Structure formats: structure tokens, C-alpha cells
Amino acid sequence: GLEEGAKNQFSTFSNFITTINQKKEDIGNRSSPTQLVIPNIKNGRDLPALCLDVRQKKRMSMDTLPQELKAPIPPEPSLPIRTKTVKDFQDDMEKSKASGDWKAVHNFYSTTFDSFLEINAAFKKDTNSPFNTIEDSGIDAKFVNVVYDALLNTPQDVQKSVLKGIINGLLQEWTGPRTKDDLRAYCILLQNPQFSNTSTYVIYAHLLRQIAALTEADHHFLVHWSKKISQKRFKQVVDRLLQFISLRLFPAKPEEFPPMVKCTWWIPSATKVLALFNAANSLISPPIISYTDFYNSTLDHIDLMEEYHNWQCYGNSHRFSFCQYPFIISIAAKKVIIQRDSEQQMISIARQSLVDKVSRRQKPDMNMLFLNVKVRRTHLVSDSLDELARKKADLKKKLKVTFVGEAGLDMGGLTKEWFLLLIRQIFHPDYGMFTYHKDSQCHWFSSFKCDNYSEFRLVGALMGLAVYNSITLDIRFPPCCYKKLLSPPIVPCDHNALVGICGVTLDDLFQIMPELAHGLSELLSYEGNVEEDFYSTFQVFQEEFGVIKSYNLKPNGDKIPVTNRNRKEYVQLYVDFLLNRSIYKQFAAFYYGFHSVCASYALLLLRPEEVEILVCGSPELDMSALQRSTQYEGYQKTDLTIRYFWDVVLGFSLDLQKKLLHFATGSDRVPVGGMADLNFKISRSETSTNWLPVAHTCFNQLCLPPYKNKKELRQKLIIGISNAEGFGLE
């Protein structure tokens with residue numbers, strides 16, 4: 001609706017219309033954005049936020065309008081008859097380019113975009129059909145694409161006529177509930193390439209505002225229609241919205257836009273519309289574009305913790321925060337939020353320990369500020385399990401590791417070593433906790449029953465400690481594991497509530513047991529008689545310690561045959577049994593272990609894929625990127641020894657490159673921010689060239705003697721990185 005008291009603004013709008021019709025200036029100069037003041041939706045200056053599963057509850061209705069504007073809802077008007085085809089339009093364009101006479105093209109554009117009705121008349125596949133279902137928008141996508149592709153190649157007065165028409169449409173189409181023709185017009189206007197130009201941002205902002213203020217039902221249609229847009233056009237719309245948000249946050253020319261205080265609704269509106277496209281993208285498998293294409297790296301440079309705290313305080317209320325829309329926040333920015341949230345929790349827990357100590361009139365001890373883990377290399381798993389079980393209250397303190405009998409001081413390096421060795425032992429096939437699947441090259445939970453699942457809790461706590469202490473682990477879990485780990489992302493208060501249970505599909509099984517998944521897929525597509533040819537029931541068998549055990553997938557499953565009619569149910573129950581039911585106790589212990597350390601609302605911001613990246617980093621090594629970001633101490637990058645070093649390293653096999661990374665940093669994984677985030681340093685060692693290189697893993701530092709030739713450097717380096725377990729003090 002229109003704001004009360006806004007009538008005096010129409011003179012300003014008239015001036016703007018006059019301005020955009022002038023031909024003597026460039027469009028960027030002729031249409032000053034600050035001249036357009038489209039009346040605001042009443043009480044809608046700060047739009048409420050929208051997540052994937054959170055929709056605006058307030059409905060736009062006639063009750064929100066000023067009394068003088070209330071009127072009966074008119075029936076949907078009939079559309080004008082427009083017969084121009086794609087070929088007709090293309091012929092007109094060719095003639096205009098050849099003759100220089102753009103009258104026919106100008107008339108087409110000015111008429112087509114003059115109102116929402118005209119947009120539908122031009123681009124609706126059949127003007128006599130309602131097209132009121134989510135399956136088909138009724139938009140002639142080919143015609144829309146051709147018209148928009150040609151638009152930016154037309155004279156300025158043609159382009160201005162389109163903007164003028166859009167303004168008319170935005171003003172004329174505001175009353176009453178939206179028709180499906182209105183939604184079609186919004187869908188078409190969002191694809192207008194003119195909105196990439198900052199001079200059109202005021203118009204674009206009002207278009208976004210109207211779309212953001214639509215009802216939940218209308219958003220539902222737009223989401224489903226948007227998923228039918230081609231990948232190229234879909235990506236263009238998303239990029240345009242991201243650019244709009246970035247330039248509003250950090251304008252290159254602030255004078256191009258109205259003052260921020262007068263357009264606080266710009267960014268919420270754009271983000272809400274972007275959420276519709278993110279929802280559309282999530283409905284398709286595989287998605288139209290990668291989830292990373294929704295990241296806005298500009299947000300890496302704002303006060304993320306303020307955003308996070310606002311979100312914690314106000315949730316999904318009417319106070320906007322980017323954390324309500326986590327899809328737009330990059331994994332690097334989320335890592336910063338999680339790290340700072342972890343640091344604040346560490347400080348809070350340490351402070352409380354200090355206060356408790358002082359209140360009991362006991363002498364404070366620096367060790368009380370840390371989670372101190374003392375282990376023997378020969379009893380690594382049992383010692384670690386005992387230490388973490390005894391020190392549950394300290395899990396959220398900064399981790400420090402000591403290897404008994406070694407003089408190393410933990411400034412980060414011993415912690416990395418502890419994680420690496422512990423993970424290596426726990427995931428060894430002989431240990432029996434996890435099964436390694438060669439086809440998928442990943443581990444999965446053993447379904448063997450046991451009396452104590454505490455070691456699974458230990459593995460969960462290890463993963464939590466890794467994220468909490470910003471350590472990357474070499475763990476090969478399938479994506480399904482991280483989806484289960486966030487089911488739910490916050491531990492429920494009800495101890496009887498199920499955890500680690502999520503919807504699983506045959507695609508999830510393919511990522512773990514591809515051969516079995518392929519067999520089940522064959523069952524689903526089998527054209528013969530399933531009951532007679534397969535002779536299967538709703539019962540499965542598993543071997544446990546040499547004994548075959550049977551499990552019913554549903555009550556009396558051993559008496560229910562699998563048929564052509566119920567085979568889908570059989571496959572779904574079988575997949576659910578393998579990935580949820582058969583390993584429930586193991587995974588529940590793992591889940592509680594992880595969340596005992598990582599319990600934080602920041603987990604609500606993460607996708608399963610992002611949790612995997614935070615835990616495991618990236619396995620892709622780019623040594624050239626490491627070379628570009630390396631710092632030097634005592635060397636210059638042009639020194640002969642350094643040139644020898646990089647010639648050798650870049651020529652290493654992948655296995656040797658991983659050994660070098662592990663030798664120098666304590667991990668062979670690349671952190672979230674890439675090689676540059678390692679802060680890798682090569683220092684000159686003044687020792688004899690007979691010595692091997694030395695590494696300070698706490699500081700990601702390699703101390704390299706000035707070897708005289710490439711052969712000697714290669715030989716010493718390979719010996720050093722291949723024999724690099726244990727710590728000492730110089």
C-alpha cells in the first residue's frame with residue numbers, strides 16, 4: 001500500500017519521468033537515482049527476514065491500506081492481444097540496425113514494458129490459458145531472452161522507455177492481492193540486464209521491495225517458476241542481486257545512491273529475494289548452480305560478530321541480520337564467526353575456573369586455563385580416552401598436548417601431531433570401529449553391537465576439538481555423515497529425542513557403498529516380476545563376528561514379500577536401516593561427543609558440506625599458491641637456495657608434497673582460506689649443510705640450511721620429511 005501523506009511525492013516522480021525522457025545526456029547522468037521516490041509500502045520500511053524455511057507471516061491485505069484507497073478487489077483483467085513473434089522481433093532489430101530507424105523497436109519496448117498486463121501479453125505463451133500452477137509459469141523464455149539480449153544494444157531512448165514503463169508498472173500494480181500475471185511480470189522483470197547498472201538501482205530496489213513483500217503463497221510460485229530458468233540466466237540474476245548488496249554496502253560512488261538512512265530496506269529486500277532463488281536452487285538435484293555461487297565475499301569485510309550477536313539476540317524477528325540468511329555468508333566468514341565464538345567461550349570458561357579457584361581461596365595455576373592432555377605414544381587411544389573422560393568440564397578450554405617422555409612444548413604443533421596419530425589409529429581396520437569401503441574410499445560406522453560406545457564419543461569429541469581449535473583432520477567420512485551430524489544442529493533438551501537421524505536416499509548410499517546402491521537401483525528399474533525372480537522379503541542379513549543375523553525392515557518383514565508395487569518402500573527402508581537404524585547407538589555417541597565441544601548457535605549457519613570443509617580442510621594441494629604466499633626470514637625469494645627449494649618441491653609427487661606440508665605444518669590438509677592461510681615461512685638456518693631441515697609446526701616454519709646444490713637439497717629434504725614423527729627442543 002501507499003504511505004499516508006505521500007501524495008506530495010508525486011511531483012518528484014513527475015520530474016523524474018521528465019528527466020528520463022531527455023535525450024541529450026547519457027542515461028547514467030540523466031536519471032539521478034535520488035530523484036525517484038516511489039511511495040513505500042505502509043509499515044514496510046524494514047522488511048522482515050526470510051530463511052529457507054521461514055516465511056513472512058504478515059500478509060499484505062486490503063486492511064493495511066489507508067481508508068481512502070480501499071476498494072473491492074477487481075477481477076483479473078483480460079490481456080491485450082499481441083501477435084509479435086521472436087522472428088518478427090529479430091527482423092525488426094535487423095531492419096533497425098541497417099536503416100538506423102528504431103521506431104518499430106522503440107514502440108515494441110515502450111508498449112511491452114508499460115504495464116504488467118502488457119508484459120504478460122507479450123511474453124505469455126498463451127494469453128487464453130491461466131497458467132496458475134507451480135509446474136509451468138507460462139512464460140515464453142526464449143522470447144524473453146531474445147528481447148533482453150537485444151535491449152542493451154539499442155539506443156538510449158529505447159532503454160529509457162523500458163525503465164519508464166517499469167516505473168509505471170510498479171506504481172500501477174500495487175493494489176489488491178497479486179494475480180498470477182503479476183507474479184509472471186515480476187519473474188520477467190527480475191531478469192532485466194539493465195539492473196546491472198547502478199543508475200537503475202533505485203528502480204531495482206523498489207522492484208525487489210515489492211517482490212519481498214509478497215505473501216508466502218506468492219513466494220511459493222516464484223520459487224518453483226525460478227527453478228525453470230536456464231542456468232545462465234539464473235546465475236545472472238543471482239550475480240546481479242549479490243552485486244546490488246555489495247555496492248549498497250560499499251558504494252564506489254556514494255553520491256550515486258540515496259543516503260543509507262533513507263533506504264535501510266534495500267539490503268533486506270534484495271537478500272530476501274535472493275533467498276527465493278536459493279530455495280529454488282535447493283529444490284533441484286543436482287542444483288542449478290553451486291551453493292558457493294550464493295556467497296557474497298563482501299560480507300567478509302563487515303563486522304560479522306555484530307551480525308552474529310544481533311541474530312542471537314533477535315533471531316528471525318523484524319530486525320535484519322545476514323545470519324538469518326546463512327547461504328550468503330562465505331565459508332571463510334563462517335569460520336571467522338565460529339573461531340571468535342569459540343575464543344569467547346574459551347575465555348569465559350577459563351575465567352569461570354579462575355573465579356572458582358579464587359573463591360575457594362586456592363592459589364591460581366596457569367594450567368587450569370587449558371585442557372591439558374597427557375598421553376603416551378604407546379597407549380595413545382586409551383590414554384586419550386581416559387583424559388577426555390576425566391576432563392569433560394574442560395573440553396571448551398584451549399587444548400594443550402604433552403607426550404610423556406618428550407621435551408616438546410605445545411604451541412600448536414604437538415596438538416596437530418596428537419590429532420594425526422590418534423585419527424590414524426582409530427580408523428585402522430584392525431581397530432574395528434569403522435569400516436573402510438575401497439570403492440568409495442571412505443569410512444563408515446561399524447554396525448557391530450557392543451557394550452560401550454565411549455570410543456565413538458571420543459571420535460566425535462576429537463572432531464569437535466578440531467573445529468573448536470581450528471585444526472584440520474584427515475578423516476574420510478561421506479557427506480551423509482555431516483548431514484547426520486547437523487540433525488539437529490542444536491542438541492535437544494529432551495534426552496529421549498532421537499539425534500543423528502536424517503532423511504537418506506539411494507544417492508547417499510551410492511557415496512558409501514556404490515555396488516550395493518547399484519544393485520538396489522537395478523531392483524527399482526527391473527521390468528520383470530520382482531516377487532518371483534528375486535524371492536526377497538522385508539528382511540535383511542548382516543554378519544557380526546562370524547554370525548549371520550537377520551533384521552526385519554518393518555514389523556513381520558520376514559513374511560512380507562518384495563513386489564513390483566512395494567519395492568520402492570523396500571529400498572527406502574533398506575537404505576534407512578543401513579545409514580540410520582543399524583548404527584544409531586554408534587552415531588548417537590559420536591553426535592554427542594562432537595556437540596559436547598562444539599555446541600554453538602554458529603552451527604545453525606553451516607551446511608553439511610561446510611562442516612566437512614571445516615573439519616577436513618581441502619585435500620587439493622596447490623604448491624604454486626603456497627610459493628606465492630610464502631614469507632622469508634634470512635632469505636630472499638630470488639636466492640639460489642630458495643630457487644632450488646621450489647624447483648624440487650614443485651617436481652615432487654603428490655605424496656611427497658603432502659609429507660612436506662605435514663612436516664612443516666603438522667597437517668597435510670589445506671585450511672578453509674587456502675594455502676595463503678597457512679602463513680608458511682622459510683627461515684635461514686645457520687647450521688652446517690650436513691644437517692637436515694628442521695620444522696616448527698607451531699608456527700608453520702621451515703628452517704632450511706643454505707645447501708650448495710639442488711641434488712643435496714632434494715636428498716636432505718626427502719630424508720627429513722620422511723622421518724618426521726616426534727618432538728624435541730633445541
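Among the residues of segment 266-308, those identified as more than 14 Å from the chain's Cα centre (by Cα), of a type in the set (Ser, Thr, Tyr) and within 19 Å of residue 333 (Cα to Cα) are 271, 298, 308.
A quick yes/no check of all residues on (1) without any contact (Cβ under 8 Å) to a residue 60 or more places away in the chain; (2) touching a strand residue (DSSP E or B) at 6+ places or on another chain (Cβ under 8 Å); (3) over 30 Å from residue 323 (Cβ atoms):
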| site | (1), (2), (3) |
| --- | --- |
| 562 | yes, yes, yes |
| 570 | yes, no, yes |
| 594 | no, no, no |
| 597 | no, no, no |
| 600 | no, no, no |
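In the set (1) of a type outside the set (Gly, Ala, Ser); (2) out of contact with any Leu (no Cβ under 9 Å at 6 or more places or on another chain); (3) closer than 23 Å to residue 458 by Cβ, residue 615 fails one condition alone, (2). Within segment 375-401, being in contact (Cβ under 8 Å) with a residue 40 or more places away in the chain and polar (S, T, N, Q) holds for one residue alone: 384. Restricting to segment 72-85, and then to whatever is surrounded by 14 or more Cβ atoms within 10 Å (Cβ to Cβ) and at pLDDT 80 or above, can you tell me which residue is farthest from residue 180 (Cα to Cα)? The qualifying residue farthest from residue 180 (Cα to Cα) is 84.
All conditions in (1) over 37 Å from the mean Cα position of the chain (by Cα); (2) in contact (Cβ under 8 Å) with a residue 40 or more places away in the chain hold for residue 575, with the sole exception of (1).
If the condition is being touching a helix residue (DSSP H, G or I) at 6+ places or on another chain (Cβ under 7 Å) and open to solvent by 10 Å² or more (accessible area, probe 1.4 Å), then segment 331-341 contributes 331, 332, 335, 336, 338, 340, 341. Scanning segment 188-196 turns up one or more residues that are under 21 Å from residue 131 (Cα atoms), in the same structural domain as residue 134 (by the TED database) and either part of a helix (DSSP H, G or I) or open to solvent by 30 Å² or more (accessible area, probe 1.4 Å) (or both). Is there a residue in segment 203-215 that is open to solvent by 10 Å² or more (accessible area, probe 1.4 Å), under 30 Å from residue 91 (Cα atoms) and in the same structural domain as residue 113 (by the TED database)? Within segment 203-215, not a single residue is open to solvent by 10 Å² or more (accessible area, probe 1.4 Å), under 30 Å from residue 91 (Cα atoms) and in the same structural domain as residue 113 (by the TED database).
Annotation note: Cβ proximity below 7 Å between a residue of segment 293-318 that is within 12 Å of residue 341 (Cβ to Cβ) and a residue that is open to solvent by 40 Å² or more (accessible area, probe 1.4 Å) (sequence gap 6+ or interchain) occurs for 304/336; 305/340; 312/601.
Go through segment 298-325 and give me each residue that's within 13 Å of residue 601 (Cβ to Cβ) and touching a strand residue (DSSP E or B) at 6+ places or on another chain (Cβ under 8 Å). Don't jump to the end; show me each part of the working.
We begin by selecting, within segment 298-325, every residue within 13 Å of residue 601 (Cβ to Cβ); these are 305, 307-316, 321, 323-324.
Those that are within 13 Å of residue 601 (Cβ to Cβ) and touching a strand residue (DSSP E or B) at 6+ places or on another chain (Cβ under 8 Å): 316, 324.
Looking at 390, 376, just one residue is basic (Lys, Arg) and over 38 Å from the mean Cα position of the chain (by Cα), and that residue is 376.
Looking at segment 247-273, which of its residues are open to solvent by 60 Å² or more (accessible area, probe 1.4 Å) and part of a helix (DSSP H, G or I)? Break it down stepwise before answering.
Of all residues in segment 247-273, those open to solvent by 60 Å² or more (accessible area, probe 1.4 Å) come to 250, 252-255, 259-262.
If the condition is that a residue be open to solvent by 60 Å² or more (accessible area, probe 1.4 Å) and part of a helix (DSSP H, G or I), then 254, 255, 260, 261, 262 are the ones that fit.
Collect the residues in segment 277-325 that are open to solvent by less than 70 Å² (accessible area, probe 1.4 Å), of a type in the set (S, T, N, Q) and part of a helix (DSSP H, G or I), keeping them in residue-number order. Answer for segment 277-325, where residues must be open to solvent by less than 70 Å² (accessible area, probe 1.4 Å), of a type in the set (S, T, N, Q) and part of a helix (DSSP H, G or I): 278, 281, 282, 292, 298, 310, 324. Checking residue 595 against (1) closer than 30 Å to residue 502 by Cα; (2) in contact with a Phe, Trp or Tyr (Cβ under 7 Å, 6 or more places away or on another chain), only one condition comes out false. Which one? Only one criterion is unmet by residue 595, namely (2).
One line per residue, one yes/no per condition, for (1) of a type in the set (Phe, Trp, Tyr); (2) in contact with a strand residue (DSSP E or B) (Cβ under 7 Å, 6 or more places away or on another chain):
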position	(1), (2)
333	no, no
370	yes, yes
379	no, no
383	no, yes
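Scan segment 359-380 for residues that are part of a strand (DSSP E or B), touching a helix residue (DSSP H, G or I) at 6+ places or on another chain (Cβ under 7 Å) and among the hydrophobic types (A, V, I, L, M, F, W, C) and jot them down.
We begin by selecting, within segment 359-380, every residue part of a strand (DSSP E or B); these are 370-375.
When the remaining residues are screened for being touching a helix residue (DSSP H, G or I) at 6+ places or on another chain (Cβ under 7 Å), the result is 371, 373-375.
371, 373, 375 - these are the residues of segment 359-380 that are part of a strand (DSSP E or B), touching a helix residue (DSSP H, G or I) at 6+ places or on another chain (Cβ under 7 Å) and among the hydrophobic types (A, V, I, L, M, F, W, C).
For segment 230-246, a residue qualifies if it is over 15 Å from residue 149 (Cβ atoms) and either outside any helix (DSSP H, G or I) or of a type in the set (A, V, I, L, M, F, W, C) (or both), and the qualifying residues are 234, 238, 241, 242, 244, 245. Does residue 135 qualify as being open to solvent by less than 50 Å² (accessible area, probe 1.4 Å), in the same structural domain as residue 220 (by the TED database) and of a type in the set (Asp, Glu)? Judged against the criteria, residue 135 is not a match. When the helices (runs of 4 or more DSSP H) confined to segment 426-544 are screened for residues that are farther than 24 Å from residue 606 by Cβ, touching a residue at least 24 places away in the same chain (Cβ under 8 Å) and open to solvent by 30 Å² or more (accessible area, probe 1.4 Å), those reaching at least 2 such residues are found at 454-468, 514-525, 530-534.
Report, by residue number, each residue of segment 563-577 that is within 12 Å of residue 530 (Cβ to Cβ) and hydroxyl-bearing (Ser, Thr, Tyr). Correct list: 563, 570.
Does residue 575 count as open to solvent by less than 10 Å² (accessible area, probe 1.4 Å), in a helix (DSSP H, G or I), modelled with pLDDT of 95 or more and not polar (S, T, N, Q)? In short, yes. The number of residues in segment 611-635 being of a type in the set (Gly, Ala, Ser), open to solvent by 50 Å² or more (accessible area, probe 1.4 Å) and assigned to a strand (DSSP E or B) comes to 0. Close contacts from segment 402-419, counting a first residue that is not assigned by the TED database to the domain that holds residue 695 and a second that is of a type in the set (D, E, K, R) and at pLDDT below 85, with Cβ to Cβ under 7 Å and a gap of 6+ residues or different chains, come to 402/410.
If the condition is being of a type outside the set (A, V, I, L, M, F, W, C) and crowded, with 24+ Cβ neighbours inside 10 Å, then segment 110-119 contributes no residue at all.
Within segment 337-346, is there a residue that is outside any loop (DSSP other than H, G, I, E, B) and under 16 Å from the mean Cα position of the chain (by Cα)? Steps first, please.
Going residue by residue through segment 337-346, those that are outside any loop (DSSP other than H, G, I, E, B) are 337-346.
Retained after the next criterion (residues that are under 16 Å from the mean Cα position of the chain (by Cα)): 337-338.
Within segment 337-346 (the criterion being outside any loop (DSSP other than H, G, I, E, B) and under 16 Å from the mean Cα position of the chain (by Cα)), the answer is yes, since at least one residue qualifies.
For segment 186-240, name all the residues that are closer than 19 Å to residue 119 by Cβ and of a type in the set (D, E, K, R). The answer is 209, 218, 228, 233, 240. Being touching a Gly at 6+ places or on another chain (Cβ under 9 Å) and either crowded, with 16+ Cβ neighbours inside 10 Å or more than 24 Å from residue 233 (Cα to Cα) (or both), is that true of even one residue in segment 98-109? There is at least one residue in segment 98-109 that is touching a Gly at 6+ places or on another chain (Cβ under 9 Å) and either crowded, with 16+ Cβ neighbours inside 10 Å or more than 24 Å from residue 233 (Cα to Cα) (or both).
The values are calculated or read from the model by the stated rules, or taken from the named source; none is laboratory data. Values in this document were obtained by computation on a predicted structure and should not be read as measured data. Quick reminder, even Gly has a Cβ in these numbers, built from the backbone with ideal geometry, and neighbours come from all protein chains shown. Please note that ligands, DNA and RNA were not included when accessible areas were found on the heavy atoms of the full protein model with its side chains. Shrake-Rupley method; radii C 1.70, N 1.55, O 1.52, S 1.80 Å.
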